[in-house]
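Enquirer: Take this structure first; my questions come after.
The values are calculated or read from the model by the stated rules, or taken from the named source; none is laboratory data. Quantities reported herein were computed from a predicted structural model and do not represent experimental measurements. Cβ atoms come from the backbone with ideal geometry, glycine included; neighbour counts cover every protein chain shown.
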């Protein structure tokens with residue numbers, strides 16, 4: 001496919017005008033006819049508070065685990081939907097187009113503006129990501145933990161599924177702590193063991209990238 005064909009496929013897949021709805025039935029669906037559910041800030045805040053009340057300090061683990069499972073399922077579904085709606089083979093997209101697809105997907109669902117950096121991937125096996133206007137940083141204000149463990153899980157799940165490797169993701173900076181963007185490091189799971197504790201002790205994003 002030509003670049004023009006790929007761009008047309010992306011525009012078709014994320015065309016807001018093709019979102020369907022039936023007010024009588026209370027149903028909303030995307031161009032691939034997958035049913036969508038709109039969640040308000042209040043709803044997400046309620047989920048966070050309920051999980052924290054039940055699980056205490058384990059809430060980030062639960063959110064991240066849910067995100068990982070969700071991320072893998074998202075990619076399986078997107079492979080099918082992209083072919084049906086935009087005539088796109090996700091695994092065959094040029095890297096620049098795949099990263100654009102990834103960014104558009106996050107924007108389309110209201111999660112924020114995601115930028116993936118794969119410039120180190122071939123040489124070091126490290127992918128970094130930055131999320132601006134994170135929905136979770138807006139609704140989760142935790143005194144001890146970063147706000148985006150579910151996003152970290154989603155990144156690990158989506159990129160792990162696409163790469164065929166056991167990947168993990170750690171959050172290194174958070175908007176809720178004053179950063180301009182929530183930042184993440186994705187690499188092999190074994191390389192990230194113990195890193196979360198070091199981040200809590202003050203390790204910076206750049207130090208994490210150099211260490212792992």
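Enquirer: Could you give me the residue pairs with C-beta distances under 6 Å whose first residue belongs to the stretch 108-124 and is at negative phi and in contact (Cβ under 8 Å) with a residue 24 or more places away in the chain, whose second residue is in a loop (DSSP other than H, G, I, E, B) and surrounded by 13 or more Cβ atoms within 10 Å (Cβ to Cβ) wherever it lies, and which are 6+ apart or on separate chains?
Expert: Cβ pairs passing all conditions: 108/14; 120/126.
Enquirer: Which condition number in (1) surrounded by 15 or more Cβ atoms within 10 Å (Cβ to Cβ); (2) in contact with a helix residue (DSSP H, G or I) (Cβ under 9 Å, 6 or more places away or on another chain); (3) part of a helix (DSSP H, G or I) is the one that residue 99 fails?
Expert: (2)
Enquirer: I would also like to ask the following. Which condition does residue 88 not pass, out of (1) in contact (Cβ under 8 Å) with a residue 40 or more places away in the chain; (2) under 18 Å from residue 150 (Cα atoms), if it passes all the others?
Expert: For residue 88, the failing item is (2).
Enquirer: Looking only at helices (runs of 4 or more DSSP H) that lie completely in the stretch 121-184, which have at least 2 residues being under 19 Å from residue 75 (Cβ atoms)?
Expert: So the answer is 149-163.
Enquirer: Next question, about the same structure. Output the number of residues of the stretch 154-187 satisfying the condition of being farther than 28 Å from residue 90 by Cα, surrounded by fewer than 21 Cβ atoms within 10 Å (Cβ to Cβ) and in contact (Cβ under 8 Å) with a residue 40 or more places away in the chain.
Expert: Qualifying residue count for the region: 1.
Enquirer: Further, regarding this structure: Given the criteria modelled with pLDDT of 85 or more and touching a helix residue (DSSP H, G or I) at 6+ places or on another chain (Cβ under 9 Å), does residue 27 qualify?
Expert: In short, no.
Enquirer: Ok, one more. Any idea which of 25, 11 is loosely packed, with under 14 Cβ neighbours inside 10 Å and assigned to a loop (DSSP other than H, G, I, E, B)?
Expert: 25
Enquirer: Output the residue which, of all residues in the stretch 106-117 that are modelled with pLDDT of 90 or more and assigned to a helix (DSSP H, G or I), is surrounded by the fewest Cβ atoms within 10 Å (Cβ to Cβ).
Expert: That would be 107.
Enquirer: Now, a different point. Need pairs with beta-carbon distance below 7 Å; first residue in a loop (DSSP other than H, G, I, E, B) and within the stretch 32-47, second modelled with pLDDT under 95; sequence gap 6+ or separate chains.
Expert: Close Cβ pairs (under 7 Å, with a partner that is modelled with pLDDT under 95) amount to 32/81; 32/84; 32/85; 34/77; 34/81; 38/28.
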